[in-house]
């Protein structure tokens with residue numbers, strides 16, 4: 001898994017922090033609701049490009065942003081974000097059919 005780094009600068013010192021990957025279902029939730037990135041961004045008061053960064057995993061949300069998205073989608077944060085990759089919805093909703101197809 002690729003790791004993301006955060007650069008933090010204070011005066012003349014530069015700090016580099018490694019972030020763990022955060023996986024999300026934003027693209028799926030947005031598609032289900034037929035929202036554009038711009039519409040979702042406007043609803044949670046961020047730039048539409050940030051939605052793209054989140055969906056691709058290029059950017060991890062702040063706690064504040066994760067909570068705003070949770071409120072917007074009316075879902076618990078843990079159904080939107082995870083430290084582990086999400087299983088496909090078909091496997092989650094119907095595990096028996098996934099076993100037969102193997």
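The values are calculated or read from the model by the stated rules, or taken from the named source; none is laboratory data. What you see is a predicted model; the values in this text were computed from it and never measured. Quick reminder, even Gly has a Cβ in these numbers, built from the backbone with ideal geometry, and neighbours come from all protein chains shown.
Only helices (runs of 4 or more DSSP H) whose full extent lies in the stretch 38-89 are considered here, and the ones with at least 3 residues that are surrounded by 13 or more Cβ atoms within 10 Å (Cβ to Cβ) and in contact with a helix residue (DSSP H, G or I) (Cβ under 6 Å, 6 or more places away or on another chain) are 48-56, 63-73.
Scanning the stretch 12-37 for residues that are assigned to a strand (DSSP E or B) and either modelled with pLDDT under 95 or over 12 Å from residue 80 (Cβ atoms) (or both) returns 13, 14, 15, 16, 17, 18, 19, 23.
If the requirement is being at positive phi and without any contact (Cβ under 8 Å) to a residue 60 or more places away in the chain, which of these qualifies: 52, 57?
Values: 52 fails: at positive phi.
Selected residue: 57, the only one of 52, 57 that is at positive phi and without any contact (Cβ under 8 Å) to a residue 60 or more places away in the chain.
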